[in-house]
1. For the range B:67-116, which positions are within 16 Å of DNA strand D (Cβ to nearest atom), in contact (Cβ under 8 Å) with a residue 12 or more places away in the chain and over 17 Å from A:Glu124 (Cα atoms)?
2. Examine the range B:117-124 for a residue that is exposed (fewer than 12 other Cβ atoms within 10 Å of the Cβ) and out of contact with any His (no Cβ under 6 Å at 6 or more places or on another chain), and state whether such a residue exists.
3. Would you check if B:Val78 is more than 10 Å from every other protein chain (Cβ to nearest Cβ), under 18 Å from A:Lys117 (Cα atoms) and modelled with pLDDT of 95 or more?
4. Name the residue, out of B:Gly127, B:Gly97, that is surrounded by 13 or more Cβ atoms within 10 Å (Cβ to Cβ), more than 8 Å from chain A (Cβ to nearest Cβ) and over 15 Å from A:Leu96 (Cβ atoms).
5. Go through the range B:15-112 and tell me which helices (runs of 4 or more DSSP H), entirely inside it, have 2 or more residues that are more than 16 Å from DNA strand C (Cβ to nearest atom).
6. Within the range B:38-68, work out how many residues are within 11 Å of B:Tyr91 (Cβ to Cβ) and within 9 Å of another protein chain (Cβ to nearest Cβ).
7. Being under 30 Å from B:Ile59 (Cα atoms) and in contact (Cβ under 8 Å) with a residue 40 or more places away in the chain is the requirement here; does A:Val29 meet it?
8. Restricting the search to the range A:43-66, which residues are more than 11 Å from DNA strand D (Cβ to nearest atom), over 22 Å from B:Ile22 (Cβ atoms) and touching a strand residue (DSSP E or B) at 6+ places or on another chain (Cβ under 8 Å)?
2 protein chains.
Amino acid sequence: MADDAAPTAADRTTEPALACPISPVVDIVFSRWTTPVLWTLHAHGRQRFMELQRRISRITPKVLTQRLRQLERDGLVVRTYHPEVPPRVEYEISELGRTLAPLFAHLSEWATGNLEKVDRARREYDGDPAR
Amino acid sequence: MADDAAPTAADRTTEPALACPISPVVDIVFSRWTTPVLWTLHAHGRQRFMELQRRISRITPKVLTQRLRQLERDGLVVRTYHPEVPPRVEYEISELGRTLAPLFAHLSEWATGNLEKVDRARREYDGDPAR
DNA sequence: CTGTATCCCACCGGATACTG
DNA sequence: CAGTATCCGGTGGGATACAG
């Protein structure tokens with residue numbers, strides 16, 4: 001990413017090099033840790049930093065911050081800072097982010113049943129220890 | 001990819017730690033380079049190793065092999081070896097892999113229009129150099 | 001509470017060369 | 001042609017400590 005002049009997310013759609021129109025979406029939505037963050041935000045609504053960290057149990061504050069910043073920059077998440085003592089920050093899915101919901105549902109639906117097939121394929125490929 | 005001893009793809013669906021039912025799918029389908037490989041296979045049908053490498057222009061043979069092996073193990077791609085001289089190997093999407101097509105179409109559809117919004121969000125976040 | 005700042009290491013993937 | 005074998009550098013992310 002980030003090389004010469006200004007490769008935007010959109011023009012990568014037509015980039016001949018990859019010739020894969022969904023690569024940019026994958027970079028934005030499915031890079032490491034972004035899916036759990038988005039999903040948690042989608043499943044539990046607006047919530048604070050600590051709630052997110054607790055729910056995405058193995059994530060460190062550093063990484064969580066990085067992902068949240070990226071998602072905020074991409075317009076998928078909205079950050080609200082409340083200048084109180086102690087400070088309170090809330091995150092929520094943006095309107096744009098919400099348009100991903102059907103996609104996630106689709107993913108989730110595919111997982112049902114097909115994940116099992118993947119497991120079976122792996123076992124068979126590995127020499128079928130369970131038979 | 002790091003699926004050694006116990007945790008299968010399927011049981012990660014119910015793993016409390018992530019509590020994100022689509023994470024396993026993301027690991028399988030959207031890890032690095034897998035999307036371009038699957039897309040190219042989907043777009044151009046059964047093809048040989050070199051064709052794939054040529055179409056996914058920046059991929060190295062080593063990485064291409066790794067991804068193809070992974071996809072074959074997961075049952076998403078079928079490898080056919082023809083014992084000729086010189087050897088000929090063909091790859092194609094499996095039946096299971098084909099069930100991903102609607103999903104990819106969905107992704108592609110989301111990209112249309114929304115990618116542009118992401119770009120705008122980024123420019124605004126970065127300080128809007130184009131205004 | 002909500003992050004930053006460092007240190008550090010494992011691993012991915014690029015480059016290159018070589019084999020059946 | 002279809003890979004494998006090595007070397008190797010950059011980077012993501014874990015652990016830990018600290019700041020506003």
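1. B:Arg67, B:Arg88, B:Val89, B:Glu90, B:Tyr91, B:Glu92, B:Ile93
2. No, there is no match, as no residue in the range B:117-124 is exposed (fewer than 12 other Cβ atoms within 10 Å of the Cβ) and out of contact with any His (no Cβ under 6 Å at 6 or more places or on another chain).
3. Answer is yes for this residue.
4. Answer to the check: B:Gly97.
5. Filter on the range B:15-112 gives B:23-29, B:34-44, B:95-98.
6. Qualifying residue count for the region: 2.
7. Taking the combined requirement at face value, the residue satisfies it.
8. Within the range A:43-66, just A:Arg48 meets the criteria.
The values are calculated or read from the model by the stated rules, or taken from the named source; none is laboratory data. On a predicted model such as this, the values are computed, not experimentally measured, just so you know. For neighbour counting, all protein chains shown are included, and Cβ atoms are generated from backbone atoms with ideal geometry for every residue, glycine included.
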